[in-house]
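What follows is a set of notes on a single structure, which appears directly below.
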Amino acid sequence: MTEYGDRFNAAVAEELRVERSRKRITYAQIIERTGLAQSTLQRYLKGERDIPTSALRDLCRALNVPVTVIVDRAEDAVNQH
């Protein structure tokens with residue numbers, strides 16, 4: 001992946017972590033709502049694994065936040081650095 005792509009993926013993971021924390025949603029709740037394996041969820045949120053579009057959609061739904069909000073925030077974070 002490109003440097004921008006890597007930074008963007010890391011920023012998406014960061015925004016998802018922030019949203020999870022802000023809303024006080026547990027990993028268990030996300031797993032229940034998405035059906036993701038705990039290890040997969042942790043890799044996504046740590047930025048260790050790229051998040052497929054379908055998983056991003058499911059994660060955003062579980063966090064009750066529009067995908068566009070996460071993507072826009074991530075893009076802003078990447079462009080600021």
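Scan segment 68-78 and tell me whether some residue there is in contact with a Lys or Arg (Cβ under 7 Å, 6 or more places away or on another chain), closer than 24 Å to Tyr4 by Cβ and modelled with pLDDT of 95 or more.
no
Just a yes or no: is a residue in segment 3-16 over 18 Å from Asn64 (Cβ atoms), modelled with pLDDT under 95, aromatic (Phe, Trp, Tyr) and loosely packed, with under 15 Cβ neighbours inside 10 Å?
Scanning segment 3-16, I find at least one residue that is over 18 Å from Asn64 (Cβ atoms), modelled with pLDDT under 95, aromatic (Phe, Trp, Tyr) and loosely packed, with under 15 Cβ neighbours inside 10 Å, so the answer is yes.
Tell me, yes or no, whether segment 35-49 has at least one residue that is within 9 Å of the chain's Cα centre (by Cα) and among the β-branched types (Val, Ile, Thr).
no
What pairs come up if the first residue lies in segment 55-79 and is farther than 22 Å from Gly35 by Cα, the second is crowded, with 18+ Cβ neighbours inside 10 Å and aliphatic (A, V, I, L, M), and their beta carbons are under 6 Å apart, counting only those six or more places apart or on different chains?
Ala74/Ala11; Ala74/Val12; Ala77/Ala11; Val78/Ala11
The values are calculated or read from the model by the stated rules, or taken from the named source; none is laboratory data. Note that the structure is predicted; figures quoted are calculated from it, not measured. For neighbour counting, all protein chains shown are included, and Cβ atoms are generated from backbone atoms with ideal geometry for every residue, glycine included.
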